[in-house]
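Student: My questions will all concern the structure given below.
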Amino acid sequence: MDSTLIEQLGDLCARARAAARALAPIGRDRKDRALRAIAEGLRAAAARPSAVLDANAEDLAAARAAGLSPAMVDRLALDEGRLGAIADAVLEIAAFDDPVGEILGMKRRPNGILIGQTRIPLGVIAMIYEARPNVTVDAAALCLKSGNAVLLRGGKEAARSNAALGVLVRDAIASAGLPADAVQIVPPGGREETKLLVGMTGKIDLVIPRGGEGLIRFVAEHARVPVIQHYKGVCHLYVDASADLDMALRLVENGKLTRPGVCNALECVLVHRDVAAAFLPRLAPLMRDAGLEVRGDAETVSLLPAAKPAAPEDYGCEFLAPILASRVVGSLDDALDHIARYGSNHTEAICTTHHDRAQRFLREVDASCVLVNASTRFNDGGELGLGAEIGISTTKLHAYGPMGLESLTALKWIVYGDGQTR
């Protein structure tokens, strides 16, 4: 490993640690002033000439020349509307209460001491993500508001855009009198550089990878610091025997077809045998008119002839495409067993009019978000009222589900005494 690179990353971490210490006690007003300055900078950058748009145009040209998929190119693209939307998200974060310093659970012990907990920043967070320049700003804003310093290592596809956005964010932070090193752009590199970064024990407090399963598994396997993991989103909808079938069809269409390539998209529908003959043929128009492909078990194919026979690997697969696995089940228990075996702890939904079954589904399904009569697409920080999210955790330490401001804090115990000794 190049010793120069080790020194560079060590220097970034040291500067971030110093910035995190300076940022931790700063109150809401100054942090919100910096966030508003970031939003103003983004709105100014939406008009040409703009360093951000020029950098993004170079990234887009390189991506097209390299043959990146249209979906990847679309994720890379910035324009006036998208920069405005990012600015709106920053202002939404500014409008939220500051979690840092919140006091919880104060109570007096028999010996007279008063104990409770208070929220504190985590410290230094490393974000490792792929070709989404909006993540650069979202992560910076969330970390700033929660009092954390952040190291942002985006993919090489968005290197120019991320660098330009980093300059904009750092300038805005400095204009508010806060340490610019609270946000730093780590130059993109290969797997060895990533391995080195996630091994910075004592210098980084948390790593949050966002991207494909390969990236997240690599980070989790090589990290020596805590990692928020989210490998994939294998999301199910169980259509109960009591379901409103018109509603169930809407949930399938919204969950699968609005944005097939996102992690909260529906990937498998489980249909109770009592309603399978009435429900599954309703998918035919979606297959004919919207390009949906259904891969089902033998009962599905017999009731929906346009469906293809499912291979064993289709269950538990994150298609990220307009492809939907289907299985006919005999009971809620069968549906719960299927989800326990093939789910990814991300998002699971039930369509039912039966209260007890709905409550049982909520209790027994292990996922970061469980829904009754609602689309899986609602497992999103914005939709759940968190504002922009820094990621979705499908593990339970220390967060589960979309991570907003509170998930970027920890709780420490505080004790008020009057000379008590033990």
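The values are calculated or read from the model by the stated rules, or taken from the named source; none is laboratory data. These numbers come from a predicted model, not from an experiment. Using ideal geometry, Cβ is built from the backbone for each residue, glycine included, and neighbour counts are taken over all protein chains shown. Only protein heavy atoms, including side chains, enter the accessible area calculation; ligands, DNA and RNA are left aside. Shrake-Rupley method; radii C 1.70, N 1.55, O 1.52, S 1.80 Å.
Student: What FRET efficiency, computed as 1/(1 + (r/R0)^6) with R0 = 56 Å and r the Cβ-Cβ distance, is obtained for Glu406 and Ile6, rounded to the nearest 0.05?
Tutor: Values: r = 34 Å, r/R0 = 0.61.
Computed FRET efficiency for Glu406 and Ile6 comes out at 0.95.
Student: Would you mind getting the accessible area per residue of the stretch 232-373, heavy atoms of the protein chains only, 1.4 Å probe, in Å²? All intermediate terms of the calculation are to be shown ahead of the outcome.
Tutor: Numbers: 5800 Å² over 142 residues.
Here the per-residue accessible area is 41 Å².
Student: Okay, moving on. Would you work out which of Ala39, Gly10, Ala51 lies farthest towards the positive end of the dipole of the stretch 7-53? Charges go on Cβ: Lys and Arg +1, Asp and Glu -1.
Tutor: Farthest towards the positive end: Ala39.
Student: If R0 is 45 Å, what FRET efficiency do you get for Val73 and Asp356 from their C-beta distance, rounded to 0.05?
Tutor: Using R0 = 45 Å, I get an efficiency of 0.40.
Student: In addition: Based solely on its DSSP helices, what 222 nm [θ] is calculated for the chain when runs of n ≥ 4 H residues each add -39,500 (n - 2.57) and the sum is averaged over all residues, nearest 500 deg cm²/dmol? Walk me through the numbers on the way to the answer.
Tutor: Working: 15 runs with 177 residues, N = 422.
Estimated from H runs of four or more residues: -13000 deg cm²/dmol.
Student: Heavy atoms only, 1.4 Å probe, whole protein assembly: order Thr118, Thr258 by accessible area, highest first.
Tutor: Details: Thr118 15, Thr258 75 Å².
The ordering from most to least exposed comes out as Thr258, Thr118.
Student: In addition: Return the single residue from Leu249, Leu362, Leu114 with maximal mean-square fluctuation; model: Gaussian network over the chain, springs between Cα atoms under 10 Å.
Tutor: Comparing Leu249, Leu362, Leu114 in the GNM, the peak value goes to Leu114.
Student: Where both partners of a DSSP beta bridge lie in the chain, what percent of those bridges are antiparallel, to the nearest 5? It would help to have the intermediate numbers written out before the result.
Tutor: Details: 14 of 52 bridges.
About 25 percent, rounded to the nearest 5.
Student: Using a probe of 1.4 angstrom, how much of the accessible area of the stretch 345-396 is carbon and sulfur, in percent? Write out the running numbers ahead of the final one.
Tutor: Values: 960 of 2130 Å².
Solvent-exposed carbon and sulfur of the stretch 345-396 make up 45 percent of the total.
Student: Under a point spin-label approximation (7 Å from Cα along Cα-to-Cβ), what is the Met106-Glu80 distance to one decimal in nm?
Tutor: 5.1 nm
Student: Using a Gaussian network for the chain with springs between C-alpha atoms less than 10 Å apart, which of these wobbles most: Leu142, Leu197, Leu76?
Tutor: Highest fluctuation among the options: Leu76.
Student: Stretch Ser175-Arg64 to full length: gain in nm at 0.36 nm per residue minus the Cα-Cα span?
Tutor: On the way: separation 111, 0.36 × 111 = 39.96 nm, distance 3.63 nm.
Residue separation times 0.36 nm, minus the Cα-Cα distance, leaves 36.3 nm.
Student: For the stretch 263-422, what proportion of DSSP beta bridges, expressed in % and rounded to the nearest 5, is antiparallel?
Tutor: Values: 2 of 17 bridges.
Around 10 percent antiparallel, to the nearest 5.
Student: Measure up Lys145/Lys232; Lys232/Lys256; Lys256/Lys308; Lys107/Lys412 against 21 Å on the Cα-Cα distance and list the ones that go over. Each step should come with its number before you reach the end.
Tutor: On the way: Lys145/Lys232 28 Å; Lys232/Lys256 15 Å; Lys256/Lys308 17 Å; Lys107/Lys412 15 Å.
Correct reply: Lys145/Lys232.
Student: I would also like to ask the following. List the relative contact order of the chain as a percent without decimals, with contacts defined as Cα pairs under 8 Å and 6+ residues apart.
Tutor: Working: 846 pairs, mean separation 74.1, N = 422.
Taking the mean separation of contacting Cα pairs over the length of the chain, I get 18 percent.
Student: Mind telling me which of Asp138, Asp29, Asp314 comes out most flexible in a GNM of the chain, alpha-carbon contacts under 10 Å?
Tutor: Top of the fluctuation ranking is Asp29.
Student: Same structure again: With label points built 7 Å along Cα→Cβ from the Cα atoms of Ala22 and Ile115, find their separation and express it in nm.
Tutor: In this crude spin-label approximation the distance works out to 3.7 nm.
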